[in-house]
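The values are calculated or read from the model by the stated rules, or taken from the named source; none is laboratory data. As the structure is a computational prediction, the values presented were derived from the model and not from experiment. Virtual Cβ from ideal backbone geometry, glycine too; neighbours counted across all protein chains shown. SASA here: full protein model, heavy atoms, side chains in, ligands and nucleic acids out. Shrake-Rupley method; radii C 1.70, N 1.55, O 1.52, S 1.80 Å.
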Amino acid sequence: MDIEKARKIIHHVVSSTVRRWRQYETSWKEVDELFIKRGYEIGGFEAWKFAEALKKAGIFSISELGKILPPELKSKTYDRNFAGSLNSEFYLRAKEGEYGEKGRKFYLTVESFLKSDAKKGQSFWRLLWFMLQSCSFLEKNFRGSFKVYLLEKFRQIFYSEIEDFTELEKAFFSLNYDEYSKFKKFILKERNLPGIGPNMFDYILADIKELAFANEIIKLDSSNKSFFKVTGIGKLFDFNPNQKEEEIKEKIRNFFKSLDLPYTVREINKGIYTYCSKTEGDKFGFCLSKDKCSSCKVSEFCEKDFEALKRKGC
């Protein structure tokens, strides 16, 4: 693999998927909804489908979810025996209305979701518990809004003198990526949002069109990892999934910039995801197995190292 082959492969990958990944774009006004839809999209859990179920139940908001847990449970560590199934104590209490009408609706939503074909992932029950705890924190302290939380923390770190909310938003929108990284590190260090790590924090904000720093955000998902391994492109920047996540992202970010393509870092990241994701398998789904190599227009430049998917540290 050399840099020119890598450039040809990535240009094709991103340009051929552009119509699809453009649809991921969203706006700042939707950030509270994105917190629920994207913040817990981890380990195979299709949180966006769960969000649709919450919407049907009339409890799709941070504020509504944040009113379910009673005070004594808001800081309780996840306990599988207590909240790890519909037959656990927490869900049975919710079913009986002990946590109010919103708690009962949450139980019914989970019950219905379990019967659907949506993916639950390996950490489903833990993630639901974290979601309720985070929403409780935001409801109690920040008017049930992730947006308010972000801006208040932003004011605290950067612009304590700004009182006007609109001016604060404008300043937040213009943050560069280095400033955003500092901001994110500060927030996550406080550990007020259970289950939200750096990758998911990035994912919540990555496609918000008003945010200048979003152009350089990378979500390090399994699709991108497979692409770097199978094509051999990862060798060009010493891709090692065993490194710290932020270190890997910085390598990828610098590599993407070096290609001098007519796309932002985030657009390249989204293009690779679309091209190599199982979710997009109907039209794309490349780099998962040799089955589709014959229909990939840049396969001649690729190393097709599918054995690398099985090797660690590759």
Please specify each residue of the stretch 147-164 satisfying the condition of being open to solvent by 70 Å² or more (accessible area, probe 1.4 Å) and in a loop (DSSP other than H, G, I, E, B). 159, 160, 161, 163, 164
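Could you tell me which residue of the stretch 129-173 is farthest from residue 81 (Cα to Cα), considering only residues that are of a type in the set (S, T, N, Q) and at pLDDT below 95? Outline the logic, then answer.
Going residue by residue through the stretch 129-173, those that are of a type in the set (S, T, N, Q) are 133-134, 136, 141, 145, 156, 160, 166.
Okay, now just the ones that are also at pLDDT below 95, so 156, 160, 166.
Details: 156: 39, 160: 44, 166: 46 Å.
Across the stretch 129-173, the extreme among qualifying residues is 166.
Can you name every residue in the stretch 268-279 that is more than 15 Å from the chain's Cα centre (by Cα) and either open to solvent by less than 20 Å² (accessible area, probe 1.4 Å) or at pLDDT 95 or above (or both)?
Step one: list which residues in the stretch 268-279 are more than 15 Å from the chain's Cα centre (by Cα), which gives 268, 271-272, 275-276, 278.
Answer for the stretch 268-279, where residues must be more than 15 Å from the chain's Cα centre (by Cα) and either open to solvent by less than 20 Å² (accessible area, probe 1.4 Å) or at pLDDT 95 or above (or both): 268, 271, 272, 275, 276.
Go over the candidates 284, 301 one by one and state the one that is modelled with pLDDT of 90 or more, farther than 15 Å from residue 18 by Cβ and among the aromatic types (Phe, Trp, Tyr). So that I can check it myself, show each step before the final result.
On the way: 284 fails: farther than 15 Å from residue 18 by Cβ.
301 is the lone residue from the list that is modelled with pLDDT of 90 or more, farther than 15 Å from residue 18 by Cβ and among the aromatic types (Phe, Trp, Tyr).
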I'm told residue 132 meets every condition in (1) outside any helix (DSSP H, G or I); (2) more than 30 Å from residue 267 (Cα to Cα) except one. Can you identify the failing condition by its number? (1)
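From the list 306, 286, which residue is aromatic (Phe, Trp, Tyr), crowded, with 19+ Cβ neighbours inside 10 Å and under 17 Å from residue 232 (Cβ atoms)? Show your work before the answer.
Working: 306 fails: crowded, with 19+ Cβ neighbours inside 10 Å.
Unique residue meeting the criteria: 286.
With the condition being open to solvent by less than 60 Å² (accessible area, probe 1.4 Å), among the charged types (D, E, K, R) and modelled with pLDDT of 95 or more, I'd like the helices (runs of 4 or more DSSP H) fully within the stretch 1-105 carrying at least 3 qualifying residues. So that I can check it myself, show each step before the final result.
On the way: elements: 3-16, 18-21, 31-38, 47-57, 62-65, 80-83, 89-95.
Of the helices (runs of 4 or more DSSP H) lying wholly inside the stretch 1-105, those with at least 3 residues that are open to solvent by less than 60 Å² (accessible area, probe 1.4 Å), among the charged types (D, E, K, R) and modelled with pLDDT of 95 or more span 31-38.
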When every residue in the stretch 239-267 that is open to solvent by 20 Å² or more (accessible area, probe 1.4 Å), touching a Phe, Trp or Tyr at 6+ places or on another chain (Cβ under 9 Å) and at pLDDT 95 or above is compared, the one nearest to residue 289 (Cα to Cα) is 267
Tell me, please, whether a residue that is open to solvent by less than 10 Å² (accessible area, probe 1.4 Å) and either assigned to a helix (DSSP H, G or I) or not acidic (Asp, Glu) (or both) can be found in the stretch 165-173. yes
Being of a type in the set (S, T, N, Q) and within 19 Å of residue 208 (Cα to Cα) is the filter here; which residues of the stretch 136-191 pass it? 145, 166, 174, 176, 181
Assess whether residue 133 counts as being within 23 Å of residue 94 (Cβ to Cβ), surrounded by 19 or more Cβ atoms within 10 Å (Cβ to Cβ) and either more than 20 Å from the chain's Cα centre (by Cα) or not small (Gly, Ala, Ser) (or both). yes
Selection from the stretch 106-127 of residues that are in contact (Cβ under 8 Å) with a residue 60 or more places away in the chain and in a helix (DSSP H, G or I): 113, 124, 126, 127
Per-region count, the stretch 209-238, residues buried (at least 22 other Cβ atoms within 10 Å of the Cβ) and over 18 Å from the mean Cα position of the chain (by Cα): 7
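Of the residues 179, 190, only one is of a type in the set (Asp, Glu) and in contact (Cβ under 8 Å) with a residue 12 or more places away in the chain; which? Let's see the steps before the verdict.
Working: 190 fails: in contact (Cβ under 8 Å) with a residue 12 or more places away in the chain.
Step by step, each of 179, 190 is checked, and only 179 is of a type in the set (Asp, Glu) and in contact (Cβ under 8 Å) with a residue 12 or more places away in the chain.
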